[in-house]
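Chemist: Would you mind keeping the following structure in view while I ask a few things?
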Amino acid sequence: MTDGKDFLELIISRQSDRKYSDRHIEKEKLDRIIEAGRMAPSACNAQPWKFIIVDDPELVLKVADAASAKLIGMNSFVAQAPVIIVIVREKSNMSSKVGATIKNKDYSLFDIGIATENICLQSKAEGIGSCIIGWFDEKIIRKLLEIPRSKRVELLITLGYSLSEQREKRRKPAEEKVSYNKY
Ligand SMILES: Cc1cc2nc3c(=O)[nH]c(=O)nc-3n(C[C@H](O)[C@H](O)[C@H](O)COP(=O)(O)O)c2cc1C
C-alpha cells in the first residue's frame with residue numbers, strides 16, 4: 001500500500017505538462033494508465049466513459065489541430081504529445097439516471113472527472129507528463145475518430161515524457177477553501 005505522505009507528494013507533483021519529448025510511451029505503462037481510468041469510481045458504477053487512445057502520429061496531429069486555438073496560441077503544444085486520450089461520455093445506467101433526475105445533478109461529468117484525474121496521477125507515477133484539455137473542436141474530433149454524433153467528447157488528455165520544469169503549485173489558501181463544521 002502506498003504511504004500517505006508519498007501519495008500526497010504524487011498529487012502535488014502532478015502538473016499540467018505542456019512540453020514533451022518524442023520518446024515513445026511503453027505499452028505496459030500506457031496499459032496501466034488506461035487501467036487507472038477504467039478502475040475509477042462512478043455513480044451507481046455506471047462507468048459512463050469510453051477512452052479512445054490516439055497514438056497514430058498523423059491522427060495525433062489532426063486531433064491536436066482541432067484542439068489548438070491558433071490566434072491565441074492556446075494548446076499548440078498538443079501536437080508534441082505522442083499519445084492523446086480522448087474521453088467520450090457514454091450513457092449512464094438507469095439507477096444513475098434516476099438519481100440524476102431526482103437530485104438534479106449530472107453524475108456522469110463527475111465520473112469522467114474522476115477517471116481523468118486517475119489517469120493523470122497514474123501517468124505521473126509512471127514518470128509520464130499529462131495535461132487535461134477541455135478546449136477543442138468537438139465536431140472535428142468526432143468526425144476524425146468516427147464517434148457517433150449523439151455522443152459528447154468531454155475531455156482530451158495529452159501524455160508524453162515531459163520536458164517541462166517542475167513548478168510550484170499555485171492554489172488558493174486552505175482558509176479560503178476549507179472549513180470545519182460550518183460554511
Ligand atoms: C477540465 C479541465 C480543462 C482544462 N483544459 C485545458 C486546456 O484546454 N489547455 C490547457 O493548456 N490546460 C487545460 N487544463 C489545465 C489547467 O489549466 C490546470 O490544471 C490548472 O491551471 C492547474 O495547474 P496544474 O494542473 O499544473 O496544477 C484544464 C484542466 C481541467 C481540469
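Chemist: Expected output is a single nm value to one decimal: the length gained when fully extending between Lys62 and Phe7, i.e. 0.36 nm times separation in residues minus the C-alpha distance. What is it?
Modeler: 16.2 nm
Chemist: Moving on to the next point. Considering the Cα positions of the chain, please state its Rg to one decimal place and its Dmax as a whole number of Å.
Modeler: 17.4, 53
Chemist: Return the distance in nm (one decimal) between the two label points of a simple spin-label model at Asp55 and Val178, each offset 7 Å from Cα along Cα→Cβ.
Modeler: 3.8
Chemist: Can you give me the relative contact order of the chain as a percent, contacts being Cα pairs under 8 Å and 6 or more apart?
Modeler: It comes to 34 percent, rounded to a whole number.
Chemist: For the chain, what is the calculated [θ] at 222 nm in deg cm²/dmol (nearest 500), taking -39500 (n - 2.57) for each run of four or more DSSP H residues and dividing by its residue count?
Modeler: It lands at -12000 deg cm²/dmol.
Chemist: Can I ask one more? In segment 140-183, which GluC sites (Glu not before Pro) fall in coil by DSSP and have 15 or fewer other Cβ atoms within 10 Å?
Modeler: Passing sites in segment 140-183 are Glu146, Glu165, Glu168.
Chemist: So, one more: Which FRET efficiency, nearest 0.05, do His24 and Leu109 yield, Cβ-Cβ r, R0 45 Å?
Modeler: Plugging the Cβ-Cβ distance into 1/(1 + (r/R0)^6) gives 0.90.
Chemist: Let me ask something else. Full-extension gain between Glu146 and Asp31, please, as 0.36 nm times their residue separation minus the C-alpha to C-alpha distance.
Modeler: Stretched out fully, the Glu146 to Asp31 stretch lengthens by 39.1 nm.
Chemist: Right, another one. Using only the alpha carbons, work out the radius of gyration and Dmax of segment 124-183 in angstrom.
Modeler: Here Rg and the maximum Cα pair distance are 18.0, 49 Å.
Chemist: Place +1 on the Cβ of every Lys and Arg and -1 on the Cβ of every Asp and Glu in the chain, take the dipole about the Cα centre, and give the residue among Ala67, Trp49, Tyr183 whose Cα lies farthest towards its positive end.
Modeler: Toward the positive end, the furthest listed residue is Tyr183.
Chemist: What Kirkwood hydrodynamic radius, in Å, does segment 21-65 give when the mean of 1/r is taken over all pairs of distinct Cα atoms and then inverted?
Modeler: Taking every pair of different Cα atoms in segment 21-65, averaging 1/r and inverting gives 12.6 Å.
Where a number appears in this text, it was derived from the coordinates with a stated rule and is not lab data. The model shown is predicted, which means the values in this text are computed figures rather than measured ones. Positions of Cβ are generated from backbone atoms using ideal geometry, with glycine treated the same way; all protein chains shown enter the neighbour counts.
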